[in-house]
Amino acid sequence: MTVKQKHEEFAEMRTEFERVRGGFDRYAEQFWSDVRDKQQLAEEFAGEVTAMRSAFERAVDVFDTYTAEFEDDVAVKHDAAADLREEIAETRDAFAATRTAFDEYAETFEDDVGTKQRRVEGFREEVATTRAVLDESVEAFDEDVEAKRQRAEAFHEEVATTRAAFEEFLTAFERDIEANHQDVEAFLESVEEVRAAHERGRAELSEAIVEFYGYRPESLPIDAVDTPATDEQTEPDTGEMETEPDTGEMETEPDTGEVETEVELDERGDDTPQGMVECAVCGEYYQAITESHLQTHGMSMEEYKSEHGPDVSLYPGEE
C-alpha cells in the first residue's frame with residue numbers, strides 16, 4: 001500500500017470517527033436533558049403529593065373537629081328538648097292545678113265563670129298551638145339529625161374511597177419511579193459500553209497513525225497529526241525518506257549529523273522545529289495544539305488559554 005493510499009485510508013477513518021463521536025455526543029446530550037426533565041418532574045410531583053397529603057390531613061382534622069362540634073350540638077339540643085318536655089310537664093301540672101282551683105272558684109264566683117272559661121279556652125288553644133309547634137320542631141330536629149348522620153356517613157365513605165385511590169396512585173407512582181431508575185441504570189451501562197468502544201477506536205486509530213508514519217511520539221494527539229514531523233525536518237541530500245538498506249535504521253546517514261543535531265536541540269528546548277509548536281504543559285512539539293491533546297492533560301482549550309495566556313501559540317508561526 002502506497003503512502004497516498006494510507007493517507008486516504010487514514011482520512012476516511014478520521015471522518016468516520018468524527019461522525020460517530022458527533023452522533024454519540026448528540027445522543028448523550030439529549031439523554032441527559034431527558035433525565036434532568038424527568039428528575040424535575042419527579043421533584044415537582046413529589047411536592048404536589050406532599051401538598052395533597054397535607055391538605056388531606058387538614059381535611060380529616062376539620063372533619064373530626066366538625067364531628068365533635070356536631071355531637072356537642074346534638075347533646076345540647078337533646079338537653080334543650082328534655083328541658084322543654086319538663087316545662088310542658090310542669091305546664092300540664094300547673095294547668096291541672098289551675099283547673100282544680102277554677103272548679104273550686106266556680107262554685108263561689110259563678111259570674112266570673114264565663115270569663116275564666118274563655119281564658120281557659122284561649123290557654124288550651126295556646127297549649128295546643130305550642131304542642132303542635134313543639135312536635136314540628138322535634139320532627140324537624142330528628143330529620144335534621146338523620147340528614148346530618150347520613151351526610152357524615154357519606155363523607156366517611158368518600159374519605160375512605162379517596163384514601164384508597166390515593167394509596168393506589170402513590171404505589172403506582174413509586175413503581176414508575178423504580179422502573180425509570182432501572183432504565184436509567186441500564187442506559188448508563190450502555191453509555192459505558194459505548195465509551196469503552198470509543199476508547200478502543202481511539203487506540204486503534206493511534207496504532208494506525210503509528211503504522212502510517214512509522215514512529216510513535218511520547219504524547220500522540222489524534223486530531224493534531226496530519227503529516228509526520230519527520231517530513232518537515234531536514235533530510236540528507238539524497239532526498240530519500242529512509243536510510244540506505246545496509247544500516248536497517250530509521251536515522252539519517254551518520255556522516256551528515258544534521259537530524260541528530262536538530263533532535264538534540266529539540267530536547268534541550270533551545271530551538272523549535274520548523275512547522276511545529278510547543279505544548280506549554282508537557283513541552284512536546286506538535287503540528288497544532290488541539291482540544292484532544294489538551295484532554296490528555298485533563299484540561300479544555302479555555303483552561304489552557306486561561307492558564308498560559310490568551311496569546312499562547314496553538315499553531316506554528318503564531319506569536
message = I need the calculated FRET efficiency for the pair Val3 and Val210, taking r as the beta carbon distance and R₀ as 22 Å, to the nearest 0.05.
response = 0.90
message = Using a 7 Å offset from the Cα along the Cα-to-Cβ direction at both Asp37 and Glu71, what is the distance between the two label points in nm, to one decimal?
response = 5.3 nm
ask   = Roughly how many nanometres apart are two label points built 7 Å out from the Cα toward the Cβ at Ala94 and Leu134?
value = 1.2 nm
request  = Work out the P(r) tail for the stretch 106-218: percent of alpha carbon pairs separated by more than 18 Å, whole number.
outcome  = 81 percent
request  = Give me the distance in nm between label points sitting 7 Å out from Cα along the Cα-to-Cβ direction at Val312 and His198, one decimal.
outcome  = 2.3 nm
task = Would you please report the Å³ per residue occupied by the convex hull of the alpha carbon atoms in the stretch 3-204?
result = 121 Å³
message = At R0 = 25 Å, how high is the FRET efficiency between Phe187 and Arg53 if r is their beta carbon distance? Nearest 0.05 is fine.
response = 0.20
task = Between Lys116 and Val159, take the C-beta separation as r, use R0 = 51 Å, and let me know the FRET efficiency to the nearest 0.05.
result = 0.25
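No value in this document is a laboratory result; all are computed from the given coordinates. Fair warning: this is a prediction, and the values are worked out from it, not measured in the lab. Glycine gets a Cβ as well: all are built from the backbone with ideal geometry, and neighbour counts include every protein chain shown.
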